[in-house]
1. Can you name every residue in the range 197-212 that is crowded, with 20+ Cβ neighbours inside 10 Å and modelled with pLDDT of 85 or more?
2. Spot the failing condition for residue 379; the list is (1) surrounded by 20 or more Cβ atoms within 10 Å (Cβ to Cβ); (2) under 21 Å from the mean Cα position of the chain (by Cα); (3) modelled with pLDDT of 90 or more, and only one is missed.
3. Checking the conditions here, which among 80, 72, 92, 65 is at negative phi, under 20 Å from the mean Cα position of the chain (by Cα) and modelled with pLDDT of 90 or more?
4. Among what's in the range 168-196 and is farther than 30 Å from residue 87 by Cα and surrounded by 12 or more Cβ atoms within 10 Å (Cβ to Cβ), pick the residue that is farthest from the chain's Cα centre (by Cα).
5. If the requirement is being out of contact with any helix residue (DSSP H, G or I) (no Cβ under 9 Å at 6 or more places or on another chain), modelled with pLDDT of 85 or more and at negative phi, which of these qualifies: 371, 399?
6. Residues in the range 106-131 that are under 16 Å from residue 87 (Cα atoms) and buried (at least 24 other Cβ atoms within 10 Å of the Cβ): how many?
7. Please state which one of 136, 144 is closer than 20 Å to residue 322 by Cα, modelled with pLDDT under 85, buried (at least 24 other Cβ atoms within 10 Å of the Cβ) and touching a helix residue (DSSP H, G or I) at 6+ places or on another chain (Cβ under 6 Å).
């Protein structure tokens, strides 16, 4: 291990600004309706671009992870940032809805995943002493992108039209990402912050476990972590895609007021990444996860039983905080359990849990609502039950941890 002097906080701040840019991918609902009018296309046709973007996320995450593991974080940011900005610009030049599938779905989607993987992977390596907090801050930028970009995009669309807006934003994203990329420095091999000594544990000495992805997927703990990731993100993805509809159909909110609640959810999502990340550093990741699943269950019950605006607000805030917490806690879990040497690729593989949530969450909510006259109540009960399954899985997680601690100390490397 080495004590190498570098300004890791500057790198963290640059990564956060970069993630604000790529996090704008979740502001697609702002563009969707205007684009449907421009192309005379149905909303499902337009939304397919966003679906593709989410579905391919593990591929660029793994690719970006390879860059990080080989000391190429800056190169990954430049490559991914160029693709992301270009994807937005080309979306503004598209002449048919199917072209969005290529520009916004594939090109911007690949670029976004590469950048996100590079920023979070490099940051986690730079903060072995504050993994939870660092992951929370850098992913908060990703979660907060919608809060910043959505009102800006809405104002630009009103004045300049949706396609010009996408070209303007794409150009701005390119400039910001490339500039912040210049401030990025890859984490040196074996980096250890000055004055910090890794804590002693009863298991293998720190740094002894460095599994590559092939070795990782042979570990039962990997599958438990992936399932926990899926469960933690599921409720958030259910609400992310339907918050406005839920507010209007079940709580009698106007479209404008429901939009404010969407912003409230996004803000909670952003803050939850820092909040739960810091808590995990203090009480441990397992206890943190147990609390998150119990809060999710409580908030889903609140949504199912409440008919008041206050109840909706409380639930929206709670679910947003927990979704953000899920995205902030799991990066540090992967690093701690499988090592940092191959962290970039390993986290990309584990990200399949999030992809599963992105695929199943909205579909569960929408199919249940369609079968119940637009009411989401039964979907909330399903999410509640799934959250309790996640809580139960934390005990299996603990049992697998304990079994590794009592096993003979072995070093697994590639």
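The values are calculated or read from the model by the stated rules, or taken from the named source; none is laboratory data. Source: prediction; values computed, not measured. Because the Cβ atoms are built from the backbone with ideal geometry, glycine has one as well, and the counts that use them run over all protein chains shown.
1. 211
2. Result: residue 379 fails condition (2) only.
3. Just one listed residue meets the conditions, 80.
4. Among them, the one singled out is 196.
5. That would be 399, the only listed residue that is out of contact with any helix residue (DSSP H, G or I) (no Cβ under 9 Å at 6 or more places or on another chain), modelled with pLDDT of 85 or more and at negative phi.
6. Counting residues in the range 106-131 that are under 16 Å from residue 87 (Cα atoms) and buried (at least 24 other Cβ atoms within 10 Å of the Cβ) gives 8.
7. Criteria check complete, one pass: 136.
For (1) touching a helix residue (DSSP H, G or I) at 6+ places or on another chain (Cβ under 6 Å); (2) surrounded by fewer than 24 Cβ atoms within 10 Å (Cβ to Cβ); (3) more than 30 Å from residue 71 (Cα to Cα), each residue gets a yes or a no:
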| site | (1), (2), (3) |
| --- | --- |
| 235 | yes, no, yes |
| 254 | no, yes, yes |
| 263 | no, yes, yes |
| 280 | yes, no, no |
| 289 | yes, no, yes |
| 304 | yes, yes, yes |
| 310 | no, yes, yes |
| 318 | yes, yes, yes |
| 332 | yes, no, no |
